[in-house]
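No lab work stands behind these numbers, since they all come straight from the coordinates. Treat the numbers as computed from the prediction; the structure is a model and nothing was measured. Using ideal geometry, Cβ is built from the backbone for each residue, glycine included, and neighbour counts are taken over all protein chains shown.
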Amino acid sequence: MGTRRFLVYGRVQGVGFRWFVWREAERLGLGGFVRNLRDGSVEVIAAGPPAALEELERVLERGPAQARVERVESSDVPHEHVIPNEFHIR
């Protein structure tokens, strides 16, 4: 099990990006959450098997049809953080 934080930049708010991430995370069996940030980016915290996290990162780089992803930054999340077992939109 691993936990990753993804910051997604570009045209990613107001285009259904959070719902897209939620559907993909559910499909991959990941826990965590997705939320819009004030700077216009989207934050994704996801926990699950490394292969599923790698697949999620590939999906985030593509985004839904209406989005224009410029870049995705990825970092590890310390183990002491509590991550939901299910995936949520915040």
Hits in the range 60-77 - residues which are free of Cβ contacts under 8 Å to residues at least 60 places away in the same chain and not charged (D, E, K, R): LEU60, GLY63, PRO64, ALA65, GLN66, ALA67
Is at least one residue of the range 11-20 surrounded by fewer than 17 Cβ atoms within 10 Å (Cβ to Cβ), assigned to a loop (DSSP other than H, G, I, E, B) and without any contact (Cβ under 8 Å) to a residue 12 or more places away in the chain? yes
Looking at the range 22-44 only, could you name the residues that are of a type in the set (A, V, I, L, M, F, W, C) and in contact with a Pro (Cβ under 9 Å, 6 or more places away or on another chain)? LEU28, LEU30, PHE33
Examine the range 50-59 for a residue that is touching a residue at least 24 places away in the same chain (Cβ under 8 Å), part of a loop (DSSP other than H, G, I, E, B), touching a Phe, Trp or Tyr at 6+ places or on another chain (Cβ under 9 Å) and buried (at least 18 other Cβ atoms within 10 Å of the Cβ), and state whether such a residue exists. no
Considering only the range 32-49, state which residues are within 13 Å of PHE17 (Cα to Cα) and in a strand (DSSP E or B). PHE33, VAL34, ARG35, ASN36, VAL42, GLU43, VAL44
